[in-house]
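Trainee: My questions will all concern the structure given below.
Computed from the coordinates by the stated procedures, all read-outs in this text should not be read as laboratory data. Everything quoted here is computed from the prediction, not taken from an experiment. Methodologically, a virtual Cβ is constructed for each residue, glycine included, from the backbone with ideal geometry; neighbour enumeration extends over all protein chains shown.
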Amino acid sequence: MAVPSTASAAPPALAVEGVAKAYGDRRALEGVSFTAAAGERLAIIGPNGAGKTTLLQILAGSLPPTAGRVSRAPREVGWVPQQPALYGKLSVQENLRLFARLEKVSDPDAVVARMLEQTGLADRAGDEVGRLSGGNQQRVNIAIGLLGDPPVLLLDEPSSSLDPRQREILWRFVSGLAAGGTTVVYSTHNVGEAERYADRVLVLADGALLFTGSAAELQREVGGGRDFEAAFVAFLHEQGH
């Protein structure tokens with residue numbers, strides 16, 4: 001059973017209402033609704049094929065929904081797909097400048113300088129992206145998503161190709177963005193990352209939103225003194241998944 005989010009006096013930074021997606025007779029998403037506050041971190045978790053990436057693509061505006069609405073226009077949302085769309089032969093700075101111009105930001109050079117500083121990549125500005133570590137490539141990928149200074153940042157499996165040290169650096173950076181007011185919505189197969197780094201988790205299965213609430217709330221709902229991963233698996237089983 002889904003747990004409703006706590007009402008807030010401030011308007012939500014992101015509101016999703018009845019979003020659905022169908023491919024012929026197959027329903028990838030069914031009436032997904034939730035809100036997110038400014039600076040909140042939301043983790044989308046669920047089995048393979050649950051609809052996590054489909055939902056993020058709709059929120060980003062790169063995939064039209066069959067029904068429902070998203071409160072933010074695509075230009076107000078930063079989108080970081082799982083596979084970085086980077087040019088390996090170009091430098092970090094050249095990649096950022098190229099995407100800044102594609103995004104039609106008002107002052108590309110100033111924005112690129114700010115992104116290099118914000119992501120800690122200033123000392124790598126002249127390095128070819130193809131020679132960077134996976135962690136630094138992901139930081140460039142996130143920097144591209146932040147070029148338009150969006151109030152909402154979407155991340156699809158951001159740590160999937162990173163080693164433990166790189167993951168820790170990544171999540172420290174993402175948490176810093178949230179502390180500065182950016183709303184962060186990310187998908188992950190690593191439920192430990194959902195427990196540690198999200199304020200709330202959204203559980204999707206077969207395109208349906210089954211739960212929204214904190215990791216602790218999910219554990220309490222399942223009961224039995226289980227850790228979060230065991231509670232998550234038990235919850236899916238109880239829901240027939």
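Trainee: Find me the longest stretch of the chain that has none of the exposed trypsin sites (Lys or Arg not before Pro), where exposed means in a DSSP loop (not H, G, I, E or B) with at most 15 other Cβ atoms within 10 Å.
Mentor: Of all site-free stretches, the longest is 105-225.
Trainee: Taking the Cα atoms of region 86-150, report the difference between the largest and smallest coordinate on each principal axis, in whole Å and largest first.
Mentor: 30, 20, 17
Trainee: Still on this structure, I have one more. What is the Rg over Rh value, at two decimals, for the chain, using alpha-carbon atoms and the Kirkwood definition of Rh?
Mentor: Reported Rg/Rh, Kirkwood definition of Rh: 0.98.
Trainee: Also: Please give the net charge around F235, taking every other residue with its beta carbon less than 12 angstrom from that of F235, where Lys and Arg add +1 and Asp and Glu add -1.
Mentor: -2
Trainee: State the antiparallel share, in %, of DSSP beta bridges confined to region 64-220, rounding to the nearest 5.
Mentor: Around 40 percent of the beta bridges assigned by DSSP in region 64-220 are antiparallel ones.
Trainee: Net charge within 12 Å of R131 by Cβ-Cβ distance, Lys/Arg positive one each and Asp/Glu negative one each, not counting R131 itself?
Mentor: The answer is 0.
Trainee: For region 181-241 and region 72-120, what is the centre-to-centre distance using only Cα atoms, to the nearest Å?
Mentor: Each part's Cα centre sits 32 Å from the other's.
Trainee: Nothing charged except the Cβ atoms of Lys and Arg (+1) and of Asp and Glu (-1): what's the magnitude of the dipole of region 86-150 about its Cα centre? Round to the nearest 20 debye. Before the final figure, lay out the partial values.
Mentor: On the way: 8 positive and 9 negative charges, 37 e Å.
For this selection, approximately 180 debye.
Trainee: Tell me, V191, V203 in order of fewest to most beta-carbon neighbours within 10 Å?
Mentor: In increasing order of surrounding Cβ atoms, one gets V191, V203.
Trainee: With only alpha-carbon atoms in the gyration tensor, what are the semi-axes of the equivalent ellipsoid for region 1-91, in Å, largest first?
Mentor: 24, 20, 13
Trainee: In addition: Please list, or write none, the aspartates and glutamates whose alpha carbon is within less than 15 Å of the alpha carbon of K21, excluding same-chain residues fewer than 8 places away.
Mentor: E30, D206
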